[in-house]
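Everything on this sheet refers to the single structure shown next.
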Amino acid sequence: MMFSMVLAAVGHQEAESRFQRLLTCLSHPPSYTCVRASTHLAPLEEIRQKLGEELKKQQMCTSSEKEVSVQILPHPLIPDVLLLPVDGPRPVEQLSSEVVVGTQCGSAVLRGANVFVPGILASPKFMKAGDVVSVFSDLEGRCTRGATSFQGMRVFVGNGVAQIDRSGIFCTDVAAKGVGVRMVEPLYQSPSFDGVLPNLAFLQNLPSVVVGHVLGPLPGERILDMCAAPGGKTCHIAALMRDQGEVVALEKIKNKIDRIRQNAKMLQLNSVKVYCFNSTKAVSSDSAQEHEGPPFPAESFDRVLLDAPCSGLGQRPSMSCTWSLKELCSYQPLQRKLFHAAVQLLKKGGVLVYSTCTVTLAENEEQVAWALETFPCLTLQPQEPHIGSEGMLGAGLSPEQLRLLQRFSPELTWDQTGAAAPLPYRADRDTIGFFIAKFLKK
Ligand SMILES: C[S@@+](CC[C@H](N)C(=O)[O-])C[C@H]1O[C@@H](n2cnc3c(N)ncnc32)[C@H](O)[C@@H]1O
């Protein structure tokens, strides 16, 4: 029914053409890399200069050219963002020696990463360290680990130099780690940030950085991040608070917890408290609670971030889609359960931000419409900054309400944001698909 409402609102032809553009841009990485600078530790300009020097050193080692230049621009509106252009797709010739990697690894390579050993699924039978190989991403998860070749659905992501023999990858008792293929001719050229100024430069998609600013945490406040791993937004919140106050990070999956702690430690943030906990159960009935951690009494937090588990359909680059309809539909009820806990845990007068990295109406505008109806204490608030587009039609929200929402929809301007457009202009449009809503609890 919602689909027919969208069609009625925008027209069949426009909906079809927008969908095709969406598919195209989702299969490409954004045309720049976004770095969140640790401005709680050093001024932006100092970080920009240091980063420039580090990346120049890196490029001098890998490039045959004598003069290398690295372009790093500050974002015109967001004070802790640096932008670096990505060059691609470039003409790269495919070789006969082939390494196949998993989709996640392939996507990371398209965004500037090297291939790490755990991502390698197949390699030539006699591959030795130093061999030059072509790297392919397995689109459907069909390649068997340890194979010597693979002819299934795959996509070329560039050429690199093997850093390890085949036997070191597949024939050892101890799982090997570290770089397995160093990319020398990637399809999309952008700096590898592996080990580059780890405490000052944090790779984060632009809309995710916007979320932290929209939440607007202040020093001394108590903030809850309900779905926190790997902790990018948790750490941003703590940095915006100059590490004064408390950021409680909850995450349901145990083996993701360490990553949040490592990130907080690396960024020198002591105000982050991490707990492995199911946030749907984070409200305690005991209002005189003594212990520090979850569950918490109602109205415990000044601000709550619900960066919800979602279908992730806005992620870029995404070269294949193996979702089932059942899986896609499973998120809306879970998000609503989390929303119930979020509203209860928020103090009166507090701010709740709901965000997803997906494009569906069901997980975004429909959730906002449901929340406004279910919780009369909530009102939608303007967002600062607001660099995306407004909310999408089809969920029954008024034009004023849609204007208060922020949607990052790369397909809207896909044809106009070519590499020729100035970088800051491209940066706000050529993003991953993302959604942000900000509420005030009366
Ligand atoms: C979109 S990701 C969060 C990304 C994170 N906010 C960041 O910026 O780095 C959603 C996370 O929620 C976790 N999650 C899912 N259900 C949860 C629940 N009931 N309670 C707590 N965490 C949950 C998932 O394991 C996943 O790590």
Which aspartates and glutamates, on any chain, are close to Lys273 with Cα under 20 Å apart, when same-chain ones fewer than 8 places away are left out? Glu221, Asp225, Asp243, Glu246, Glu251, Asp258, Glu290, Glu292, Glu299, Asp302, Asp307
Below 19 Å, Cα to Cα, which aspartates and glutamates can Lys326 reach? Residues fewer than 8 away in the same chain don't count. Glu140, Glu363, Glu366
Hey, what number do you get for the chain at 222 nm if only DSSP H runs of n ≥ 4 count, each worth -39500 (n - 2.57), divided across all residues, to the nearest 500? -8500 deg cm²/dmol
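For the range 205-441, what is the convex hull volume of the alpha-carbon atoms per residue, in Å³?
Working: hull volume 33.2 nm³, N = 237.
Value for the range 205-441: 140 Å³ per residue.
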Can you pull the three principal axis extents for the Cα set of the range 344-442, in Å, largest first? 47, 25, 22
Relative contact order (%) - criterion: Cα under 8 Å, at least six apart; region: the range 250-355: 31
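Mind checking the alpha-carbon convex hull of the range 330-397 and giving the volume per residue in Å³? Before the final figure, lay out the partial values.
Numbers: hull volume 6.9 nm³, N = 68.
Spelled out: Cα convex hull of the range 330-397, divided by residues, is 101 Å³.
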Diffusion coefficient in µm²/s returned for the range 28-161 by Stokes-Einstein, Kirkwood Rh over C-alpha pairs, 4 °C and 1.567 mPa s, is 77
Which whole-number percent gives the relative contact order of the chain, counting Cα pairs below 8 Å spaced six or more residues apart? 16
Quote the convex hull volume per residue of the chain, based on C-alpha atoms, as a whole number of Å³. 155
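When N is the residue count of the range 32-84, what does its C-alpha Rg come to as a fraction of 2.2 N^0.38 Å?
Working: Rg = 12.1 Å, N = 53, 2.2 N^0.38 = 9.9 Å.
Normalised Cα radius of gyration, the range 32-84: 1.21.
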Flagged as over-length at 27 Å C-alpha distance, from Lys57/Lys256; Lys254/Lys441; Lys233/Lys438; Lys256/Lys442; Lys128/Lys177; Lys265/Lys348, the pairs are Lys57/Lys256; Lys254/Lys441; Lys256/Lys442; Lys265/Lys348
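Every read-out reported here was derived from the displayed coordinates using simple, explicitly stated rules and does not represent laboratory data. As the structure is a computational prediction, the values presented were derived from the model and not from experiment.
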